[in-house]
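These notes are about the structure you will find just below.
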Amino acid sequence: MSGCHPWFQTNAHPHCLPQITQTLVRLANEHSDGISVVDAARLAGLPPSIAREHLLSAESAGKLCRDDAPDGLRFFDNKFMKDFGA
């Protein structure tokens, strides 16, 4: 993540947000069954609490969508935004 320490708080290093979001969107896109908070933390090298905040932030930005299923919360690449331009 070119100079950005991935677990820094977003308010401390706002220039890192796009890179972290991009990484999480890429990871979600690479996994057809989506990624959980634990998956994102492990794959991106983030503490789970920070991974969760970044996933929710990416969802708020329309980059990811989530499924809150009985087996847990999973995040997916937001194909709705790509397909329908919403």
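The values are calculated or read from the model by the stated rules, or taken from the named source; none is laboratory data. The structure presented is a predicted model; accordingly, all values stated were derived computationally and were not measured. Positions of Cβ are backbone-derived with ideal geometry, glycine not excepted, and every protein chain shown enters the neighbour counts.
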- Top-ranked residue in the range 34-76 [being under 15 Å from Pro18 (Cα atoms) and among the polar types (S, T, N, Q); ranked as surrounded by the fewest Cβ atoms within 10 Å (Cβ to Cβ)]: Ser60
- Scan the range 34-45 and give yes if some residue there is in a loop (DSSP other than H, G, I, E, B) and at pLDDT below 90, otherwise no. yes
- Message: List the residue pairs whose Cβ atoms are under 7 Å apart, where the first residue sits in the range 58-70 and is touching a residue at least 12 places away in the same chain (Cβ under 8 Å), the second is in a loop (DSSP other than H, G, I, E, B) and surrounded by 12 or more Cβ atoms within 10 Å (Cβ to Cβ), and the two are 6 or more positions apart or on different chains.
- Response: Gly62/Asn78; Lys63/Asn78; Leu64/Asn78; Cys65/Asn78; Asp67/Gly34
- Message: Condition first: in a helix (DSSP H, G or I) and at pLDDT below 90. Now tell me which residues in the range 59-86 satisfy that.
- Response: Lys79, Phe80, Met81, Lys82, Asp83, Phe84
